[in-house]
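Here is the structure we will look at.
None of the figures in this text is laboratory data; all of them are computed from the coordinates on show. Here the structure is a predicted model, which means the values were calculated and not measured. Note: ideal-geometry Cβ built from the backbone for every residue, glycine included; neighbour counts use all protein chains shown.
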Amino acid sequence: MMEFLSDYGLFLAKTATLLVALGIAIAMIAGASRRGGVTPGIQVDKLNDRFRELGRAVRRAALNKAAFRKQEKADKKARKKAEKGAGDDDHRKRFFVLDFKGDIRATAVSHLREEISAVVSVANGNDEVVLRLENAGGAVHEHGLAASQLLRLKSRKIPVTVIVDKVAASGGYMMACIADRVIAAPFAVIGSIGVLAQLPNFNRALKDRGVEWEEVTAGKYKRTVTMFGSNTEADREKLREELEEVHRLFKGLVAEHRPTLNLDQVATGEHWYGTRALELGLVDELGASDDYLLNAIEHGDVYRVRWKGKPSLQERVMHALDAAAEAFGRARWDGTWFR
């Protein structure tokens with residue numbers, strides 16, 4: 001009797017946890033829906049003006065009137081000189097800033113493809129695309145599609161810089177390695193060049209409750225490991241073969257775009273912080289996206305390009321679940337935590 005009550009209590013606890021997570025996700029989706037729709041389209045913001053206004057606001061507060069006016073005149077003169085120096089037949093270098101925040105299904109790729117389509121219609125080899133990337137990886141084919149979007153830029157000889165402030169691991173690094181230059185913050189998580197497959201198996205639990213699972217397939221390898229049936233060592237070996245093939249393709253992509261890497265050393269599935277990733281050659285330099293963009297506005301025009309559209313149900317669910325998982329992680333752990 002006590003064993004039954006213990007199992008029943010554990011079942012209720014798991015169910016309650018699942019319901020709370022779903023409730024949070026549904027509430028966030030409902031809240032987003034109530035805020036109204038968004039007219040789809042590309043939104044472009046010139047960051048030079050934004051950063052300039054931020055600086056003006058601080059100077060206005062920190063300097064006296066005479067010093068403020070003097071600085072304003074000097075800035076205006078410098079801007080005119082820079083614009084004149086660009087020449088009549090050429091333009092100042094343009095930086096196009098894109099943002100990609102990944103989830104398991106890489107749902108942001110639907111926006112990324114629109115943004116890149118917009119950029120390639122105007123950019124050339126004298127410009128630069130800066131991707132601020134935050135991606136811990138997920139489904140192979142989804143992240144492969146995201147990486148292929150960056151290849152569109154490379155095929156047109158448009159320089160690409162990826163900046164990682166937090167994480168570019170697994171599928172995230174699959175994207176990052178495409179870039180001509182990878183910059184990472186000292187404590188950004190980099191690497192995880194490996195492949196993982198995991199799933200629960202309920203076969204024993206079903207049998208204990210008198211439930212038989214039937215599955216009929218055509219084709220020797222139509223189904224290998226399963227959640228509900230009985231898995232054999234042959235099933236597991238076939239899955240391992242498939243994972244090794246994906247890993248081989250992953251390593252091939254990395255080797256193509258970062259040929260100086262020692263793949264035997266870095267393609268082990270491990271991840272490293274930015275400082276160590278620099279030593280291993282996974283990134284090219286250390287830094288943060290804010291500093292890079294502040295420096296860029298001194299040498300060209302910086303535009304943030306965003307696709308604004310009503311997110312799909314899948315995007316809303318994934319974003320809500322990611323937010324709920326992140327909130328749960330902050331509450332549960334007081335230290336390093338990775339998904």
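Packing order of peptides 217-226, 179-188, highest average first: 179-188, 217-226 (average count of other Cβ atoms within 10 Å over each peptide's residues). Take each peptide in 106-114, 159-167, count the other Cβ atoms within 10 Å of every residue, and average; sorted highest first, the result is 159-167, 106-114. Radius of gyration (Cα atoms) of segment 193-269, expressed as a multiple of 2.2 N^0.38 Å: 1.52. Compactness of segment 132-283 was expressed as the Cα radius of gyration divided by 2.2 N^0.38 Å, which yields 1.28. Using R0 = 30 Å, the C-beta based FRET efficiency linking ALA67 and ASP291 works out to 0.70. R0 = 51 Å: FRET efficiency of ARG240 with ASP49, Cβ-based, nearest 0.05? It comes out at approximately 0.40.
In this label model, LYS80 and SER110 are separated by 4.9 nm, measuring between points 7 Å along each Cα→Cβ vector. Rounded to 0.05, the FRET efficiency of the ARG276 and ASN124 pair, given R0 = 35 Å and the Cβ-Cβ distance, is 0.45. When the Cα gyration tensor is reduced to axis lengths a ≥ b ≥ c, the ratio a/c is 1.5 or higher for segment 240-312, and with a/b not above b/c it is classed as oblate.
Note on segment 41-194: the alpha carbon radius of gyration divided by the globular reference 2.2 N^0.38 Å gives 1.27. For PHE202, the residues 5 or more places off, or on other chains, whose built amide H falls under 5 Å of its own are PHE228. Taken as Cα centroids, segment 207-271 and segment 108-153 sit 27 Å apart, rounded to the nearest whole angstrom. Scanning residues 5 or more positions from LEU131 or on other chains, those with amide H under 5 Å from its amide H are LEU98, THR161, VAL162, ILE163, with H placed 1.01 Å from N in the peptide plane.
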